[in-house]
Amino acid sequence: MKISKAAAAAAVAVALSLTATACGGSKQDAASDGGASGGAKDKIVVGIKYDQPGMGLKTPDGKFTGFDVDVATYVAKELGYQPDQIEFKQAVSAERENLISNGDVKFVVATYSINDKRKEKVDFAGPYFLAHQDLLVRADDTSITKAEDLNKKKLCSVTGSTSAQNVKTKLAPEADLLEQGGYSECLTGLENKAVDALTTDNSILAGYAAQEKNKGKFKLVGLNLSNENYGIGLKKGDKELQTKINAALKKMVEDGSWQKAVDKNLGPANFKSEPAPQITEGS
């Protein structure tokens, strides 16, 4: 049976089209899996904060630093990825659940406090860090040693902060609360004596105070106004990944890497961290 040249060419074109479609589909599937699907581990996408010195910060030269970055890098290594195979993606607080649920990231390490409301949408591994709400004051200020000392003083935090409202409503109702767009504005006000204290998680405060430009200017009061257990967020129902991340976190503590990361990123602010918390998620 003879086949015309035109028919043969059409058959080849169809075959090539099907092959291209199949290849395109596999790439899309890999991307939708947070960059970590199948056996070819090209890269893994991890959500972090870009604007929290000491925890998760993207520097002007495009590098990433902070305790959360070190934790994410260690966990990724235990999952089989080298640092150059990690793609960090910004995970602002309001978008963390969406990034996980949509498969835009494999997991999130971003001062992500574990709570029941969030666990309705995502699962967590960890916790890997226990933070407390605290106060940051000027290094030479001895007038503020407890939250109640903020009565009649100026307290700064970011707009909509639950930390500031916690102090204002429960501990120092006569505090003069000033809300700013970001923590850097509060730090400027604190340095210039326009405000007397800044409040949020102690890990975040320590990160700002540990910055080279701020060393020696500020100190943590050392209060435990709340408990914030930071966990690693991941897609709901992914028990295999949860188990692997928990194992990586345990190893990080046992081999001393966890404490080294705390000391390197938060130590310059004279930050006294809690011991690594017991892992409870997934158990």
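The values are calculated or read from the model by the stated rules, or taken from the named source; none is laboratory data. Just so we're clear, the structure is a prediction, and the values are computed from it rather than from any experiment. Heads up, the Cβs are rebuilt from the backbone with ideal geometry, glycines too, and the neighbour counts pull from every protein chain shown. What goes into the accessible areas is simple: the full protein's heavy atoms, side chains included, and nothing from ligands, DNA or RNA. Shrake-Rupley method; radii C 1.70, N 1.55, O 1.52, S 1.80 Å.
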Q: Considering only DSSP beta bridges where both residues belong to the stretch 94-248, give the percentage that are antiparallel (nearest 5).
A: 70 percent
Q.
Quick check on my link table: of LYS43/LYS89; LYS77/LYS117; LYS58/LYS217; LYS106/LYS244; LYS146/LYS215, which ones sit more than 18 Å apart, alpha carbon to alpha carbon?
A. LYS77/LYS117; LYS58/LYS217; LYS146/LYS215
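Cβ under 12 Å from ASN265's Cβ, ASN265 left aside: what net charge do those residues give with Lys, Arg +1 and Asp, Glu -1? Don't skip to the answer; put the middle values down first.
Details: positive: LYS260, LYS264; negative: ASP68, ASP70, ASP263.
Every neighbour counted, the sum reads -1.
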Q: Enter the Cα centre distance for the pair the stretch 226-253 and the stretch 93-167, rounded to the nearest angstrom.
A: 18 Å
**Q.** Heavy-atom accessible surface of the stretch 157-220: percent carbon and sulfur, 1.4 Å
**A.** 46 percent
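For the stretch 200-283, with every protein chain kept in place, what is the accessible area per residue (1.4 Å probe, Å²)?
51 Å²
Grab the beta carbon distance between THR162 and LYS251, set R0 = 25 Å, and tell me the FRET efficiency rounded to 0.05. Working shown, then result.
Details: r = 33 Å, r/R0 = 1.34.
The formula returns an efficiency of 0.15 here.
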Q) What net charge is computed for the residues neighbouring LYS152, neighbours being all others with C-beta under 10 Å from the C-beta of LYS152, Lys and Arg scored +1, Asp and Glu -1? A) -2
Q: Please compute the net charge surrounding ALA194, taking Lys and Arg as +1 and Asp and Glu as -1 over other residues with Cβ under 13 Å from its Cβ.
A: 0
(Q) Skipping prolines and chain starts, which residues have an amide H placed within reach, meaning under 5 Å, of the one on LYS89, given they are 5 or more residues away or on another chain? (A) VAL46, GLY47, ILE48
Q. Ordered by residue, what ³J(HN,Hα) values in Hz, to whole numbers, does the stretch 197-210 give under the Karplus form 6.51 cos²θ - 1.76 cosθ + 1.60, where θ = phi - 60° and Gly and Pro are x?
A. 7, 10, 10, 5, 4, 4, 5, 5, 4, 5, x, 5, 5, 7
